[in-house]
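Accompanying notes for the structure given below.
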């Protein structure tokens, strides 16, 4: 059999196909260094952070960036809720723990709206700004009520409060029912309601990358169409 020589590689100036073993980590790293239409395409903070997550979880999270961003915002707002809640409960609202938690949740809810609109769901929309904001705060108010339910049950149904129980037991119960369980219930409700009602349509607002680099986005869309 006659040997025909090595298989021809890509022509000069062309980029060959990515190796089959290329992982999600190296794909993101490649985007950091590979130039496309004369510039280096930007890589989001989320993609950079997810390169630190081990496989196979990384691949799953890369496909769920929106939920990952929402959870990151939720974690940040959770920290704000904890700080404000205890700052109030240990000072001016020591006798009104539910009021302290409500105020903390409202403040973190405002911050949540800004971060979710401009980051988590920045390409979603479909409603006018005032309508969107009204629905956001309506569902956030419902979420506040849902957040308070576990704490109300702990304090006034299970009676996990002084003098029925000791002060340490009361504080542990407040944290578990009010901060942990209440925040989890409120966060799940927000995720569902925001995607279903507040930001119902996908890809109706250009992402920051597309706004700053429209020729990169157009090139990517052409490549997607060509690959179909």
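What do you reckon, is residue 112 farther than 30 Å from residue 174 by Cα and in a helix (DSSP H, G or I)? So residue 112 does not fit the description; no.
Out of 122, 161, 117, I need the residue that is outside any helix (DSSP H, G or I) and either at pLDDT below 85 or touching a strand residue (DSSP E or B) at 6+ places or on another chain (Cβ under 8 Å) (or both). Which one? So the residue among 122, 161, 117 that is outside any helix (DSSP H, G or I) and either at pLDDT below 85 or touching a strand residue (DSSP E or B) at 6+ places or on another chain (Cβ under 8 Å) (or both) is 122. Say whether the condition of being assigned to a helix (DSSP H, G or I) and touching a strand residue (DSSP E or B) at 6+ places or on another chain (Cβ under 9 Å) is met by at least one residue in the stretch 125-148. Yes, the stretch 125-148 has at least one match.
Yes/no per residue for (1) surrounded by 18 or more Cβ atoms within 10 Å (Cβ to Cβ); (2) within 23 Å of residue 79 (Cβ to Cβ); (3) free of Cβ contacts under 8 Å to residues at least 60 places away in the same chain:
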residue	(1), (2), (3)
101	yes, yes, no
119	no, yes, yes
128	no, no, yes
136	yes, yes, no
140	yes, yes, yes
147	yes, yes, yes
150	yes, yes, yes
159	no, no, yes
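Of the numbered criteria (1) out of contact with any strand residue (DSSP E or B) (no Cβ under 8 Å at 6 or more places or on another chain); (2) surrounded by 19 or more Cβ atoms within 10 Å (Cβ to Cβ); (3) at pLDDT below 85, the one residue 85 fails is (3).
One residue alone among 220, 186 is under 25 Å from the mean Cα position of the chain (by Cα) and modelled with pLDDT of 85 or more, and that residue is 186.
The values are calculated or read from the model by the stated rules, or taken from the named source; none is laboratory data. None of the values given here were measured: they were computed from a predicted structure. Glycine gets a Cβ as well: all are built from the backbone with ideal geometry, and neighbour counts include every protein chain shown.
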